[in-house]
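Before any comments, here is the structure.
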Amino acid sequence: MLGLGAVAAHACSNLMGLCGTCHDFTLTDPVQCRRLGWIVPHGVAQPLDVPARMVTVNGVGWWYLRDDAGYVWTEEETALAVIRLYGMA
């Protein structure tokens, strides 16, 4: 049986599909990736609560990832305030 941490780690809101180049970017510049919401440091916030800057079929912008594998758009000002709130800027 999986513990709560393992279940949360595999929730859709905690997973982001990246191309190889973008994945490499998360390894070489984690500070910038935190600013983009691509990396949420453990214990800082729930990934569900942190928007990510992404390109989607609906356009480029800030999106909250959802546990049902969807995403919800948010205003850039709101997104940046959340990133700052969690000390990720």
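The values are calculated or read from the model by the stated rules, or taken from the named source; none is laboratory data. Here the structure is a predicted model, which is why all the values come from computation and not from measurement. Quick reminder, even Gly has a Cβ in these numbers, built from the backbone with ideal geometry, and neighbours come from all protein chains shown.
Quick notes on this structure:
Rundown of residues vs (1) on the phi > 0 side of the Ramachandran plot; (2) under 9 Å from the mean Cα position of the chain (by Cα), yes/no style:
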{"residue": "C19", "(1), (2)": "no, no"}
{"residue": "V40", "(1), (2)": "no, yes"}
{"residue": "P47", "(1), (2)": "no, yes"}
{"residue": "T56", "(1), (2)": "no, no"}
{"residue": "G59", "(1), (2)": "yes, no"}
{"residue": "W63", "(1), (2)": "no, yes"}
{"residue": "Y71", "(1), (2)": "no, no"}
{"residue": "T74", "(1), (2)": "no, no"}
{"residue": "V82", "(1), (2)": "no, no"}
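- Some residue of segment 19-26 being loosely packed, with under 13 Cβ neighbours inside 10 Å, of a type in the set (D, E) and touching a helix residue (DSSP H, G or I) at 6+ places or on another chain (Cβ under 8 Å): no
- Residue check for T78: assigned to a helix (DSSP H, G or I), touching a strand residue (DSSP E or B) at 6+ places or on another chain (Cβ under 8 Å) and polar (S, T, N, Q): yes
- Within segment 32-70, tally of residues that are among the aliphatic types (A, V, I, L, M) and farther than 17 Å from V82 by Cβ: 4
- Restricting attention to segment 53-70, the residues that are in a strand (DSSP E or B) and of a type in the set (D, E, K, R) add up to 1.
- V31 of a type in the set (A, V, I, L, M), surrounded by fewer than 14 Cβ atoms within 10 Å (Cβ to Cβ) and over 14 Å from the mean Cα position of the chain (by Cα): no
Each row is one residue, and each column tells you yes or no for (1) over 15 Å from M16 (Cβ atoms); (2) surrounded by 16 or more Cβ atoms within 10 Å (Cβ to Cβ); (3) at pLDDT 95 or above; (4) acidic (D, E).
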{"site": "I39", "(1), (2), (3), (4)": "no, yes, no, no"}
{"site": "P51", "(1), (2), (3), (4)": "no, yes, yes, no"}
{"site": "G59", "(1), (2), (3), (4)": "yes, no, no, no"}
{"site": "W62", "(1), (2), (3), (4)": "no, yes, yes, no"}
{"site": "A89", "(1), (2), (3), (4)": "yes, no, no, no"}
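- Test for V40: is it in a loop (DSSP other than H, G, I, E, B) and without any contact (Cβ under 8 Å) to a residue 60 or more places away in the chain: yes
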